[in-house]
1. At 7 Å along the Cα-to-beta-carbon direction for both Thr396 and Ile249, put a label point, then send me their distance in nm to one decimal.
2. I'd like the orientation of helix 207-218 relative to the chain: the angle between its Cα long axis and the longest Cα principal axis, in ° from 0 to 90, rounded to 10.
3. If I stretch the segment between Lys203 and Leu52 completely, what's the gain in nm (0.36 nm per residue apart, minus their alpha carbon distance), one decimal?
4. Taking a quarter of the surface of the Cα convex hull of segment 309-370, what do you get in nm²?
5. Taking the beta-carbon count within 10 Å as an exposure proxy, list Ser370, Ser230, Ser94 from fewest neighbours to most.
6. Less than 12 Å Cβ to Cβ from His217, Lys/Arg counted +1 and Asp/Glu -1: what total charge do the surrounding residues give?
7. What's the magnitude of the charge dipole for the chain around its Cα centre, counting Lys and Arg as +1 and Asp and Glu as -1 at the beta-carbon? Answer in Debye, nearest 20.
8. Translational diffusion coefficient of segment 272-335 at 25 °C, 0.890 mPa s, Stokes-Einstein with Kirkwood Rh over Cα pairs, in µm²/s as a whole number.
Amino acid sequence: MMNVIHTEHDKNYRKRFRNANIALFLGAFNTFAIMNSTQPILPNLASEFSLLPASASLSQSVTTLTLAFCLLIAGSISEVYGRKVVMSISAVASAVLAILSGFSSTFELLILIRVLQGIALAGLPAIAMAYISEEFDRKDIPFAMGLYISGNTIGGMSGRLIIGLLANIFTWRSALIFIGAIGVINSIGFVLLLPESRNFIAKKMDVRSLTGSLIGHMRNPRLVLIYGMSFLMMGSFVSIYNYIGFELIAPPYLLDRRLVSFVFLIYLTGTFSSTFLSSMSARHRRSHIIIPSMLIMILGTVMTLSGVLVVTVLGIALFTFGFFGCHPINSAWVAGIAKSSKAQASSLYLFFYYAGASVGGTVSGIFYQSFGWTGIVISITVFVLVSLLFLLVLTTAYREVEAIA
């Protein structure tokens, strides 16, 4: 559905815009804080349950993989029942499951709850970008998308930092319960603040039609290239953050696990780049922002080979800055290219995004066990270079995409 342009005479628009942005920020915070809740405690899980790093990372991979598949369903359901109702159920259910995950007595039970979390979490990210593209003025979309992504980064950073610290002061179980309690509070705020959709037109439940629109998006080569970029970029991002904790508690760093948690403060660079570079994309060609961001990611990754703590941390910061400079721009691109069934188009983008997190995190874990940190650097570099190739094909074969709002 085409975005409806509001006028200054719509006195309620700015209030709705403000409340919606706050609500979506809270929802985004929840999504990433809960989705990545086991990432900072992977060394703890490996130690308690006698697991290899790649096996412990399954507590992350099963959630993102389940989430990826359920995104496709959630996006289609929202086309029938509406945006707010599906996002609200998602926010509340995922927070309750986060609390329950803290009572896991075995690794198998934790995995089961994490699978259920993946199902519950899917409702919000599958729909949020479509909600933004439908309800906001075109000139406001880059800012709103950047703010939404910054909610992801702050949620990811805060969740990891809080869980990492509490897990090493108390227990990893108490840490998961605490982040779930924060999630419940945020979910209540989300439900109360998010305005009902005004520009959404519900569709009848027609599986054939919904399937046809999904297939239609996959037949659009412009969208497929962006989906491929999202798969590889997220695979590289998860690769570095899944295993950096194992690396920093080992030689030559030998950091205390509580100190390792502070590495996630680096997410603040992503909060800045997601909003700043998204705003720049409204005035410049998208490729002129994404290409330098990708090269910054590669530079940052290579810097982590130094073995010097300051250089490694700076490298991770550069990598994070580059990644979050690309993600919101690609997200907005999908919303602009898709002329109908925007929630489904966004769901497909996020399907590949989170599938990349699951597959990339697991594959790089195998490389890490075989080749150490060098294996991680090689994996990430290959992922980003192939993403760059996809971008060059997109902007040379389909030059008109640079002009899409």
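Just so you know, all these numbers are worked out from the coordinates, no wet-lab data involved. Quick caveat: nothing in here was measured; it's all calculated off a predicted structure. Note: ideal-geometry Cβ built from the backbone for every residue, glycine included; neighbour counts use all protein chains shown.
1. Each label point lies 7 Å from its Cα, and together they span 4.6 nm.
2. That helix lies at roughly 70 degrees to the long axis.
3. Full extension of this stretch gives 49.6 nm more.
4. Seen from a random direction, the Cα hull of segment 309-370 projects 5.3 nm² on average.
5. Sorted ascending by nearby Cβ count, the order is Ser370, Ser230, Ser94.
6. Local charge sum for His217: +4.
7. That gives a dipole near 820 debye.
8. Calculated translational D: 205 µm²/s.
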